[in-house]
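Asks: Let me begin by handing over the structure; questions about it come next.
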Amino acid sequence: MSGPDLAARGLARQALMSQPALFSAMQGRAIPASLNRLESTGYSVEGMGAGTYVHDAQCTASLLGTHPRFAFRSADNRIFRLLAQGSAIYVEQAGARAIAGQNDQPAIQAAIDYAQAVAAAEVRFGQGRYELWAPFRSSPFKANFAIDGHYIVISKTLVLRGVAATRTVLDCRALGGRDPQTSWQTVWLDSNDPSPRLWRGNACLLRGNKNNELPAPGNPLQIDRVELHRLVFRGNTVRTANHDWPANITTGDGWDGTHQGLKVHDTHVGDIVLRDTDFVGWRGELLYLAGYDARSLTMDRVRLLTTNGNAMNPGTNTPIIANNCEFGDAYQAHEDTGKRYARYSGCIWRDADKMNIGSGPTNGQLYNYLYPTRDTATQPPVTQFDGCEIRNVGMAYIGNWVRGRLRTTDSIINLTANLFFMLQDIDLDIEALIDQKDAINPLLLYGPDTLTKPVSGAPTGIYIQPPRNVHVRLRHIRTAAAQAAGRNWAPFRWSGYIDKSCRVTINGSEATTVPNTMDNPTKSAPFVELGSFSHSLGYLQHGAANVGPFNQNDEIRIAGPVVQAHSTVDGVYDATLAAVPTGGAAYGFAEGQKLRIYKSGDLADVRFVKGQSANLSVQRTRVLDKHGDWIDFAFNSSAARWEECGFFSAASETLSANFAARSVPAVNPGSTTTLSVTIAGAKVGDKASASFAAALPGLLLFAETAAADSVKVSLFNPGTQASPAFTSDLFVDVSRR
């Protein structure tokens, strides 16, 4: 063979070795020395995972040993590594196949580890579905910083992004591809305690800096930013009614803290960004931030659904912006502690036993993890709702510094100092619908039942404070389906000590009764402004609160802005009103509070006597006689009294009678003579007038209703001589205003 033939063959072989091939065929390949870059046609099958491989300064034996899916050694002992495409690594370049029944978890984790090692910005998922089998957990249950046993672990700044036509589903199975509903591991409790504990594995663990690993000021955190885009983490378990923690090791049922969605625990991270990403079907918290604050959490179109635990648990003082997100199908749709800033726009919390949201410690923890703290030298903390919804949540507890617009369906909003210890600065507009439930309250407001109720974890003498500066504008209505089925709202109610700075305005609403207190006697009275209101059961008194039988001269209990006085024994009973509730003036009544009192039934009369009580001011003595009669009062806090501002009676307005030839004796100067006549139906407090057919000989005439059915006519002689006796017809009128 001639020299030219050998040269030609060498060039041909060199050209052949330069041609693209599968990554699996690269190891030990005789690559021309002049070639430092070559292409692959795929990882192990043609067309899937193709990439560019380079020989550069990062190609070390350590890199090859740590990341064998991304590097190889050529025949001449050079090391080549995968070059990121547009700063991205594809999981297919680590061997992920996206085939049902094949475990792609090792390839996906390898892609993440390699991207972090070479400072690639992203790991991309090119297919619509990948199957991930739970890795084996050898570390004990309590080894919080151990990274084994989790589906995905991120330890440096990184972006995970689905780039298929549809969002990428990460279908997470148990060990060996089994059903995680019925299959799990058992691990030791800790290294010294072999007590068995259940282990399923968390979807995505962020393992950032420990407290002793923090960088110098000005340097980035290990995870300075992490982003998840267009991914669905499917945990493949369903929600049950069992929310006991920890999950039962025999049945697997309950709240499983080893089967969380996104987990960030006792580790320092920077910004967390989730977009078009779901965590669905996990037995523990679907998003769990605990221990240390993240710098921020941004969520757009994120769904956290289906768990025996909490859906959303951003339990640290991490600022949050969440847009068009959904949290629920959970024991708790949301569990919050301290937030100096959070804004939720167009978000939905749904289908849960309960939730709590709002700010607690925003300036360091004091006493316990819910006790509110703030820096009063700066702007107040805020949790903002912009057009959000709460649907079918048994009890939605809202904490401090919360404001905005909410729409609720079949849910109770509960503002309670007994959970948040010093409830304050709440400003909400709430539209509440009742549809599938019946006789629940759209809103509850609770203060402590005593002013010496201790705060958990606090020294002696630190007590739960009454709610203050709570402002709610509430509209609660029924759907047509609820109306057809006879389902109704119960009213807004309150209990305990509540500062009179609290104000609830209700308008365009309907319920079984008007707002009223649970306490008897009335302990406190937030300002309640009642606009248009429909009693959904149709009582004439418009759902007025029944304050018990009124069968003697007594005080009418102010249980709410509209009450009804009901008597079971006939008579005339004088009524008074308290100027302060039993809790004291600081807890009600507020300036301008309106009060309407209805008469219930026709039996007996309820009388408000002018000048009888310093707590009560009426224009004249008023009598509630007929069923449905009412009187309105407004509270004057400066004078500490209730002042009449409206009155209606269905009783006859004018009664008249003529008495023929009544004799009037002579009346001495400065003296008075009286006549008593019977006018059936006259009531004490009615206006009476009288006149005689004959001219009065220098006498002044007065008339008054002295008793039921009786009018007293008085004639006074102001002159210096006795008036003559006379006989004349007497005319008496009794009118009621």
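Asks: Looking at the P(r) of the stretch 128-335, how many percent of alpha-carbon pairs lie beyond 30 Å?
Replies: Values: 3556 of 21528 pairs.
Of all Cα-Cα distances in the stretch 128-335, 17 percent exceed 30 Å.
Asks: So if R0 is 22 Å, what FRET efficiency would Asn212 and Thr186 give, r being the distance between their Cβ atoms, rounded to the nearest 0.05?
Replies: It comes to 0.10.
Asks: Please work out which option in (i) 1.26; (ii) 0.96; (iii) 1.13 gives Rg/Rh (Cα atoms, Kirkwood Rh) calculated from these coordinates, and answer with its label.
Replies: Read-out from the structure maps to (i).
Asks: Here's something else I'd like to know. For labels at Arg405 and Ser345 in the simple 7 Å Cα→Cβ model, what's the distance in nm?
Replies: Once both label points are built, they end up 1.3 nm from each other.
Asks: Give the peptides 24-32, 626-634, 158-166 in descending order of average Cβ contacts within 10 Å, highest first. Write down the numbers at each step before the final one.
Replies: On the way: 24-32: 14.8, 626-634: 18.8, 158-166: 17.1.
Going from most to least packed, we get 626-634, 158-166, 24-32.
Asks: Another question, if that's okay. Quick one: if you stick a label point 7 Å off each Cα along the C-beta vector at Ile249 and Ala586, how many nm between them?
Replies: Calculated label separation equals 5.2 nm.
Asks: Now, a different point. Taking the alpha-carbon centroid of each part, what is the distance from the stretch 170-248 to the stretch 54-125 in angstrom?
Replies: Comparing the Cα centres of the stretch 170-248 and the stretch 54-125, I get a distance of 24 Å.
Asks: Moving on to the next point. Please give the contour-minus-distance gain from Thr298 to Leu700: 0.36 nm per residue of separation, less the Cα-Cα distance, rounded to one decimal in nm. Working shown, then result.
Replies: Numbers: separation 402, 0.36 × 402 = 144.72 nm, distance 8.54 nm.
Here the segment from Thr298 to Leu700 would lengthen by 136.2 nm.
Asks: Tell me, in nm to one decimal, what length is gained between Leu451 and Ile99 on full extension, where the rule is 0.36 nm per residue of separation less the Cα-Cα distance?
Replies: Details: separation 352, 0.36 × 352 = 126.72 nm, distance 6.42 nm.
Taking 0.36 nm per residue and subtracting the Cα distance, the gain is 120.3 nm.
Asks: HN-Hα J couplings of the stretch 33-40 from phi, Karplus 6.51/-1.76/1.60, θ = phi - 60°, integer Hz, Gly and Pro as x?
Replies: Working through the residues one at a time gives 4, 7, 9, 10, 8, 8, 9, 10 Hz.
Asks: Ordered by packing density, taken as the mean number of other Cβ atoms within 10 Å over each peptide's residues, highest first, how do 716-729, 696-709 rank?
Replies: On the way: 716-729: 14.0, 696-709: 15.9.
Listed from highest to lowest mean packing, they are 696-709, 716-729.
Asks: Helix 105-117 against the longest principal axis of the chain: what's the angle in degrees, Cα atoms only, rounded to the nearest 10?
Replies: That helix lies at roughly 80 degrees to the long axis.
Asks: Measure out, as a whole number of angstrom, how far apart the alpha-carbon centroids of the stretch 671-707 and the stretch 322-338 sit.
Replies: Cα centres, the stretch 671-707 to the stretch 322-338: 74 Å.
Asks: Using only the alpha carbon atoms of the stretch 641-701, find the Kirkwood hydrodynamic radius as the inverse mean reciprocal pair distance, in angstroms to one decimal. Intermediate results must be reported in sequence, preceding the final value.
Replies: Details: mean 1/r = 0.0657 Å⁻¹.
That comes to 15.2 Å for the stretch 641-701.
Asks: Over the stretch 416-466, with a single point scatterer placed on each C-alpha, what log10 of the ratio I(q)/I(0) does the Debye formula yield at q = 0.23 1/Å?
Replies: So the normalised log intensities are -0.87.
Asks: Note down the nm distance, to one decimal, between modelled labels 7 Å out along Cα→Cβ at Ser501 and at Ala657.
Replies: 5.9
Asks: Does anyone have the angle between helix 3-18 and the longest principal axis of the chain? Alpha-carbon axes, 0 to 90°, nearest 10?
Replies: Helix 3-18 and the main axis of the chain meet at about 20 degrees.
Asks: While we're looking at this one, here's another question. Arranged from highest to lowest average of other beta-carbon atoms within 10 Å per residue, in what order do the peptides 351-362, 241-252 appear? Intermediate results must be reported in sequence, preceding the final value.
Replies: Details: 351-362: 23.2, 241-252: 14.4.
With the highest mean Cβ count within 10 Å placed first, the list reads 351-362, 241-252.
Asks: Here's something else I'd like to know. Per DSSP H run of n ≥ 4, the term is -39500 (n - 2.57); total these for the chain, divide by its residue number, and report the mean residue ellipticity at 222 nm rounded to 500 deg cm²/dmol. Don't jump to the answer; show the numbers that get you there.
Replies: Details: 5 runs with 45 residues, N = 737.
About -1500 deg cm²/dmol.
Asks: Shifting gears a bit: Starting from the Kirkwood Rh over alpha-carbon pairs, what translational D in µm² s⁻¹ does the stretch 534-578 have by Stokes-Einstein at 10 °C and 1.306 mPa s?
Replies: Details: Rh = 11.4 Å.
Rounded to a whole number, D works out at 139 µm²/s.
Asks: Fully extended, how many nm does the chain gain between Val163 and Asn77 (0.36 nm per residue separation, minus their Cα-Cα distance)?
Replies: Working: separation 86, 0.36 × 86 = 30.96 nm, distance 3.59 nm.
The span from Val163 to Asn77 would gain 27.4 nm if fully extended.
Asks: Given a Förster radius of 35 Å and the C-beta distance between Ala614 and Ala725 as r, what FRET efficiency does 1/(1 + (r/R0)^6) yield to the nearest 0.05? Each step should come with its number before you reach the end.
Replies: Working: r = 44 Å, r/R0 = 1.27.
The formula returns an efficiency of 0.20 here.
Asks: Where Rh denotes the Kirkwood radius from the mean inverse Cα pair distance, what is Rg over Rh for the stretch 360-536? Mind showing how you got there, number by number?
Replies: Numbers: Rg = 16.6 Å, Rh = 16.8 Å.
Dividing the radius of gyration by the Kirkwood radius yields 0.99.
Asks: List the aspartates and glutamates whose Cα sits under 17 Å from the Cα of Lys712, skipping any in the same chain fewer than 8 residues away.
Replies: Cross-link targets: Asp686, Glu704, Asp729, Asp733.
Asks: Compute from the Cα atoms of the stretch 389-493 the Rg and the Dmax, the latter being the longest Cα-Cα distance, and quote both in angstrom.
Replies: Values for the stretch 389-493 (Cα only, Rg and Dmax): 15.5, 54 Å.
Asks: Taking the convex hull of the alpha carbon atoms in the stretch 654-735, what volume per residue do you get, in Å³? Show your work: numbers first, answer last.
Replies: Details: hull volume 6.1 nm³, N = 82.
So the per-residue hull volume is 74 Å³.
Here, each number is a calculation from the coordinates, and none is a lab measurement. Worth saying up front: this structure is predicted, and the values here are computed from it rather than measured. FYI the Cβ positions are ideal-geometry reconstructions off the backbone, even for glycines, and counts take in every protein chain you see.
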